[in-house]
Amino acid sequence: MAAPMFAAPPKPPRPGIVSAAGVLQFSVFGFALLNAIIGYLIARSIIPDLTDALMAEGAPSNADAEDFASLLAISMGVVYFCLLIWPAAFALLGIWTLRGVNGVRITTWILGGIAVLCGLFSVLTSGLQGSLASTNTTGGGEYAWAENVDVNALMPGWFTAYSVVSNIISTALYATVVILLLMPKAHEYFRPMRPPTQPQIYLPYEPPTKP
């Protein structure tokens with residue numbers, strides 16, 4: 001008589017806090033993408049003012065000044081979009097967060113925790129960074145006429161405040177995801193499901209028949 005097979009129990013329904021954490025992971029990338037686009041558009045918008053400032057510092061020609069201003073704006077845009085790598089990885093993990101993969105949850109804790117620490121440091125030092133900023137440093141040489149131009153002074157006044165606020169929001173999003181995935185209900189959802197122990201079955205004893 002074959003013993004019955006016992007399948008692993010079905011995974012419990014996904015709790016709302018895990019669903020919320022996954023959605024917030026996608027939101028982190030969406031918000032970072034929005035910030036990158038805004039930062040690039042701001043960099044493009046200051047090209048005329050930057051060109052005038054470069055001319056005032058002794059640029060050889062208006063064309064040289066405009067080319068340098070455009071190159072600087074593109075460089076700033078590249079930096080903004082390179083900063084999307086971390087949020088993109090965090091959002092990608094959200095796919096497996098929603099599926100209840102415990103290893104991904106641990107990785108999310110690590111990435112989110114690092115992001116929170118970096119965000120807090122950036123927020124706390126934002127004023128110091130602004131006061132010590134010496135943004136356009138070319139190192140002399142061919143573009144020595146550009147090294148004294150302060151790009152920060154050409155940025156819109158609201159952009160600095162927006163950068164600080166967006167940094168606070170991003171840090172809060174990372175922290176919320178980590179906290180949600182640390183909740184007891186999340187532990188239950190991510191706990192590996194093991195098949196129940198197969199009980200030992202004793203068959204009735206039949207004494208041997210006499211010849």
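Would you kindly identify the helices (runs of 4 or more DSSP H) lying entirely within the stretch 5-91 that contain at least 3 residues that are surrounded by fewer than 18 Cβ atoms within 10 Å (Cβ to Cβ) and at pLDDT 90 or above? Working first, answer last.
On the way: elements: 16-45, 47-56, 62-82.
Ranges flagged: 16-45.
Counting just the residues of the stretch 98-142 that are within 24 Å of Leu154 (Cα to Cα) and of a type in the set (Val, Ile, Thr), which one comes out modelled with the highest pLDDT? Steps first, answer last, please.
We begin by selecting, within the stretch 98-142, every residue within 24 Å of Leu154 (Cα to Cα); these are 122-142.
Filter again for of a type in the set (Val, Ile, Thr), leaving 123, 125, 135, 137-138.
Values: Val123: 74, Thr125: 70, Thr135: 46, Thr137: 44, Thr138: 48.
Step by step, filter the stretch 98-142, then rank; the result is Val123.
Could you check the stretch 92-117 and list, in sequence order, the residues that are among the hydrophobic types (A, V, I, L, M, F, W, C) and surrounded by 15 or more Cβ atoms within 10 Å (Cβ to Cβ)? Don't jump to the end; show me each part of the working.
As a first pass, look at the stretch 92-117 and keep what is among the hydrophobic types (A, V, I, L, M, F, W, C): 92-93, 95-96, 98, 101, 104, 106, 109-111, 114-117.
Selection gives Leu93, Trp96, Leu98, Val101, Val104, Leu111, Ala115, Val116.
For Ile106, work out the one condition from (1) more than 23 Å from Leu181 (Cβ to Cβ); (2) free of Cβ contacts under 8 Å to residues at least 12 places away in the same chain it doesn't fulfil.
(1)
The values are calculated or read from the model by the stated rules, or taken from the named source; none is laboratory data. All of these numbers come straight from a predicted model, not from anything done at the bench. We place every Cβ from the backbone using ideal geometry, glycine too, and count neighbours over all the protein chains shown.
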